[in-house]
Amino acid sequence: MLTALSIRNIVLIEALDLAFGPGLGVLTGETGAGKSILLDALGLVLGDRADSGLVRAGEDQASVTASFEFAALPASVRDALDDAEVDVEPGEPLIIRRRLKADGGSKAFVNDQPVGVALLRSLAGALVELHGQHDDRGLVNPRGHRALLDRYAGADVAGVSAAWSDWRAAREKLEDARGSIEQARADQDLLLAHLSELTNIEPEEGEEETLANARADMQKGEKLAGDLEDLRTVWDGSDSPLASLRVAARKLDRIAEEHPLLAEALGALDRAVIEAGEAEEKLQAAAEAMQHDPLELDRIETRLFELRALARKHSCQVDDLPEVMREMRAKLDAIEQGDADLADLEKAERDAHEVYRARAEALHANRVTSAMQLDEAVAAELAPLKLDAARFKTAVAEQPEEKWGPQGMDAVEFLIATNPGADFAPLNKIASGGELSRFILALKVALAEQGGAATVIFDEIDRGVGGAVASAIGERLARLAAGSGAESGQLLAVTHSPQVAARGQMHYMIAKSSEGTVTKTSVGLLDDAGRQEEIARMLSGAEITAEARAQADRLLEGV
């Protein structure tokens with residue numbers, strides 16, 4: 001609820017600090033004293049358009065700060081703050097500040113963290129609900145009527161929403177499968193041609209590197225053929241160095257035992273023979289690896305050309321061609337398997353649709369029944385509010401399937417007819433602002449404050465009525481403010497009616513004063529004596545009589 005409002009340099013208000021509590025608070029004062037300034041100031045922190053005309057004459061800037069406290073932040077407020085990455089600790093008040101410059105610029109803050117004005121507007125619905133002469137939000141807005149009826153009915157909207165999500169998921173999966181199969185069928189001939197081409201070549205992973213290395217070796221062999229042939233003649237034949245080393249080793253072996261140095265010489269010669277033999281083997285292997293076979297080289301180059309051409313054709317690497325083949329086979333298999341899979345998906349979509357329809361129809365039936373109960377409850381409130389000729393109807397209209405959604409299949413709107421025989425029309429089409437406010441009061445009483453904003457403000461709901469009607473309005477405002485649970489609600493009423501003012505638990509008086517050419521508006525919290533005097537003024541006018549004071553006492557004692 002709203003606990004404090006601090007205003008600096010807004011129109012006629014130089015500096016004002018107000019504290020608010022739970023229950024019904026009333027604001028009174030003479031016409032023109034500046035009650036609308038308070039509402040304009042509050043509107044600033046709720047995201048209304050920044051109007052430089054609100055800045056007090058002669059000042060560079062103005063500011064408004066509003067503090068709200070909750071046992072637990074409403075879910076919509078918490079979600080909006082989380083989306084904006086604004087941290088508010090549990091139990092910490094929500095402090096919204098708006099600064100407005102004389103040149104029209106403005107800045108907004110939540111708990112001293114700079115935010116966009118759009119965030120303030122997203123928070124407003126859960127913080128303050130304002131009903132006045134030009135109300136276009138709250139209960140007047142048809143977009144919120146379905147949610148209000150559902151809360152009144154205790155409807156299982158969450159179950160319908162879950163069924164809607166399941167149906168949507170099943171339908172999307174079915175549509176994706178249909179699209180894939182249709183695309184695959186359209187490409188089937190091309191797939192078959194491409195797959196045949198790839199199958200004829202049968203590319204293998206790593207094949208490109210193997211072929212490229214083999215080609216490089218053969219090209220090197222072609223260049224080194226003469227050198228390799230010269231080396232081969234060095235090693236081949238009985239007169240080759242290796243053959244001579246082996247003959248020397250055999251001769252030395254016969255006399256090596258005659259002296260240690262001969263044995264060492266034999267060892268060295270044996271190692272030389274072994275090393276030379278290994279060299280001969282490697283040279284032979286190298287010659288074979290780099291053997292230049294023109295036919296084989298041509299085959300390798302042709303194979304590389306074909307593989308790389310296919311890779312370019314399919315926009316991939318050569319090593320990816322086997323995977324491309326697997327994907328093509330999978331697409332072709334999917335065409336064959338598609339009808340069976342499609343049948344399963346179609347059944348799943350039908351089943352999910354039926355679950356959603358069943359839950360949505362149950363929700364529709366609940367709404368229709370609850371709408372009639374709500375209409376009766378509102379009708380019972382109309383006569384005491386001097387609306388006995390009016391009629392109220394909650395229209396629940398089942399929508400065509402293309403308009404179904406997570407909230408079910410219904411459109412819900414509150415309608416009224418102000419005169420006998422008149423057609424029902426939306427709430428916001430009513431001609432009289434006073435009638436509209438009283439209709440809203442009757443509706444809120446009937447709804448028993450189902451999930452409304454933390455603070456509700458009625459601006460001159462009693463305009464044009466008096467006596468018993470004003471008393472009935474005051475009694476219902478007090479009942480709304482008292483709430484139905486352990487914690488009372490908070491309701492503020494700007495009023496000209498003494499019967500309504502007498503019901504207030506906190507009474508604020510708005511006054512305007514002038515000093516020379518300077519005019520100021522002030523607001524003060526009245527004590528018991530001050531309340532009696534203000535209510536007496538409201539009863540008698542400019543001159544407060546003893547009878548007016550006595551009547552004020554009777555009003556205060558009767559609540």
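The values are calculated or read from the model by the stated rules, or taken from the named source; none is laboratory data. Because the structure is a prediction, the values reported are computed rather than measured. As a convention, Cβ positions derive from the backbone with ideal geometry for all residues, glycine included, and neighbour counts pool all protein chains shown. Please note that ligands, DNA and RNA were not included when accessible areas were found on the heavy atoms of the full protein model with its side chains. Shrake-Rupley method; radii C 1.70, N 1.55, O 1.52, S 1.80 Å.
Against the chain, whose longest principal axis is taken from its Cα atoms, helix 433-447 shows a tilt of about 70°. Seen against the Cα atoms of the chain and their longest principal axis, helix 35-45 is set at about 10 degrees. Compute the distance in nm between two label points, each set 7 Å from the Cα along the Cα-to-Cβ direction, one at Asp17 and one at Ala380. Rounded to a tenth, the inter-label distance reads 4.6 nm. The Cβ shell under 15 Å around Ala362 holds other residues with a net charge of -3, Lys and Arg each +1, Asp and Glu each -1.
What part of the accessible area of segment 1-151, given as a whole %, is carbon or sulfur when the probe is 1.4 angstrom?
Numbers: 3250 of 6800 Å².
Its accessible area is 48 percent carbon and sulfur atoms.
Solvent exposure of the chain, expressed per residue, is 52 Å² of accessible area, with all protein chains present and a 1.4 angstrom probe.
Take every Cα pair under 8 Å whose residues are at least 6 apart in sequence, average their separation, divide by the length of the chain, and the relative contact order is 22 percent.
If you take the Cα centroid of segment 283-345 and the Cα centroid of segment 42-90, the two points sit 66 Å apart.
Keeping the other protein chains in place, figure out the carbon and sulfur percent of the accessible area of segment 305-387, with a 1.4 Å probe. It would help to have the intermediate numbers written out before the result.
Numbers: 2400 of 4630 Å².
That fraction is 52 percent.
Each Cα pair under 8 Å and six or more residues apart adds its separation to the average, and for segment 45-200 the resulting relative contact order is 20 percent. Computed with a 1.4 Å probe over protein heavy atoms only, the accessible area of Trp164 comes to about 40 Å².
The stretch between Glu258 and Arg168, if pulled fully straight at 0.36 nm per residue, gains 22.3 nm over its current Cα-Cα span.
Taking the helices alone, the chain has a mean residue ellipticity at 222 nm of -18500 deg cm²/dmol, built from -39,500 (n - 2.57) per DSSP H run of at least 4 residues and averaged over all its residues.
Stretch Ser36-Glu398 to full length: gain in nm at 0.36 nm per residue minus the Cα-Cα span? The partial results should precede the final answer.
On the way: separation 362, 0.36 × 362 = 130.32 nm, distance 4.14 nm.
Contour length minus the Cα-Cα distance gives 126.2 nm.
Return the FRET efficiency for the residue pair Ala411, Ser52: r is the Cβ-Cβ distance, R0 is 35 Å, and the value is rounded to the nearest 0.05. Intermediate results must be reported in sequence, preceding the final value.
Working: r = 41 Å, r/R0 = 1.16.
That gives a FRET efficiency of 0.30.
A cut-off under 15 angstrom between Cβ atoms defines the neighbours of Leu382, and their net charge, with Lys, Arg +1 and Asp, Glu -1, is 0.
Of the residues Asp187, Asp60, Asp79, ranked by 1.4 Å probe accessible area with the largest first, the sequence reads Asp60, Asp79, Asp187. The label point for Ala309 and the one for Asn213, both projected 7 Å from the Cα toward the Cβ, are 2.7 nm apart.
When Phe305, Phe424 are compared by accessible area of protein heavy atoms, the largest-first order is Phe305, Phe424, using a 1.4 Å probe.
Between Asp187 and Glu59, what length comes free when the chain is fully extended (0.36 nm per residue of separation minus the Cα-Cα distance, one decimal in nm)? Provide the component values of the computation, followed by the final result.
Details: separation 128, 0.36 × 128 = 46.08 nm, distance 7.34 nm.
Using 0.36 nm per residue and subtracting the Cα-Cα distance, I get 38.7 nm.
Using the Cβ of Asp341 as centre and a radius below 13 Å, the other residues enclosed give a net charge of -4, where K and R count +1 and D and E count -1. Applying a threshold of 25 Å to the alpha-carbon distances of Lys35/Lys101; Lys35/Lys393; Lys220/Lys282 flags Lys35/Lys393 as lying beyond it.
Once all protein chains are placed together, Ser471 keeps about 50 Å² accessible to a 1.4 angstrom probe. Taking the C-alpha atoms only, the angle from helix 188-201 to the longest principal axis of the chain is near 30 degrees.
Which pairs break 27 Å Cα to Cα here: Lys173/Lys403; Lys107/Lys444; Lys403/Lys444; Lys107/Lys520?
Working: Lys173/Lys403 20 Å; Lys107/Lys444 34 Å; Lys403/Lys444 29 Å; Lys107/Lys520 25 Å.
In this structure, Lys107/Lys444; Lys403/Lys444 lie more than 27 Å apart at Cα.
Taking all protein chains as shown and a probe of 1.4 angstrom, Thr302 keeps an accessible surface of around 60 Å².
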